[in-house]
1. Would you point out the residue of region 137-179, among those that are crowded, with 22+ Cβ neighbours inside 10 Å and over 17 Å from residue 209 (Cβ atoms), that is modelled with the lowest pLDDT?
2. Inside region 23-44, can you point out the residues that are closer than 13 Å to residue 266 by Cβ and either touching a strand residue (DSSP E or B) at 6+ places or on another chain (Cβ under 7 Å) or surrounded by 17 or more Cβ atoms within 10 Å (Cβ to Cβ) (or both)?
3. With region 88-138 as the region, which strands (runs of 3 or more DSSP E) entirely inside it contain at least 1 residues that are closer than 18 Å to residue 158 by Cβ?
4. Select, from 153, 159, the only residue that is in contact with a helix residue (DSSP H, G or I) (Cβ under 6 Å, 6 or more places away or on another chain), more than 19 Å from residue 250 (Cα to Cα) and assigned to a loop (DSSP other than H, G, I, E, B).
5. I'm checking my understanding of the structure. Among residues of region 62-84 that are out of contact with any strand residue (DSSP E or B) (no Cβ under 8 Å at 6 or more places or on another chain) and outside any loop (DSSP other than H, G, I, E, B), which one is surrounded by the fewest Cβ atoms within 10 Å (Cβ to Cβ)?
């Protein structure tokens, strides 16, 4: 059976884990990943990171038919997660997946044949400066054309919304290619054709230019999960066949915790102190 692309979202910001949920979750990720999760100062960041790892394991296990507790996830030097299992069918080696968490959501995108990257951003006012001052500090991240698009919006709120839309697009490409934060973001330029769209609508007509050359074999899916959160999914050509990007358009499916752990198998026994460590973390001020 041919695998299809996957788009998943989890509202980690409003998830208030019980002791049972937290201990189950932390026993179902690799020890080094649990260690990273437990180092977060704020509960919100720890929750988002845990859900991201659980979502990846769920999708890889279910889609690739690998036993959950046999999955081996590693990171590239740039931090992009990848499946490190060696005994995997050649036809499954191009399965690409990526996660992002920011604001109230953790999101995942996966594709069986093509490169995929994802980014989610919550539109908020800058916490310690005016909007013009914030834009000034970020001036080198966008091209002159992109700044014109951003600043042509009629209100500061709309300017911020379009700013974060561009940011999502750029980050989704960087994450798809695995190039990391060192990428020159001014080399990437996006031309938005659909200015307004409502939550749960998928927009795919934004144009992408790399070093002023149109990259029409890349496609970008843009979605609003709600009025504040927007997501961009970057879809590239197949690394094996060079086939064009997928033509299907996918909407996000929002999961609950019971869905995230539906196929989970603990990797090691629960550790009671993981709960007290989580409970001692700070609440993040929005």
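1. Among those that are crowded, with 22+ Cβ neighbours inside 10 Å and over 17 Å from residue 209 (Cβ atoms), it is 175.
2. To start, the set of residues in region 23-44 that are closer than 13 Å to residue 266 by Cβ comprises 23-31, 34.
Correct list: 23, 24, 25, 26, 27, 28, 29, 30, 34.
3. Details: elements: 96-102, 105-111, 116-122.
It comes to 116-122.
4. Residue meeting the stated conditions: 153.
5. 70
The values are calculated or read from the model by the stated rules, or taken from the named source; none is laboratory data. Small disclaimer: the values here were computed from a predicted structure and weren't measured. Don't worry about glycine lacking a Cβ; one is built from the backbone with ideal geometry, like all the others, and counts go over all protein chains shown.
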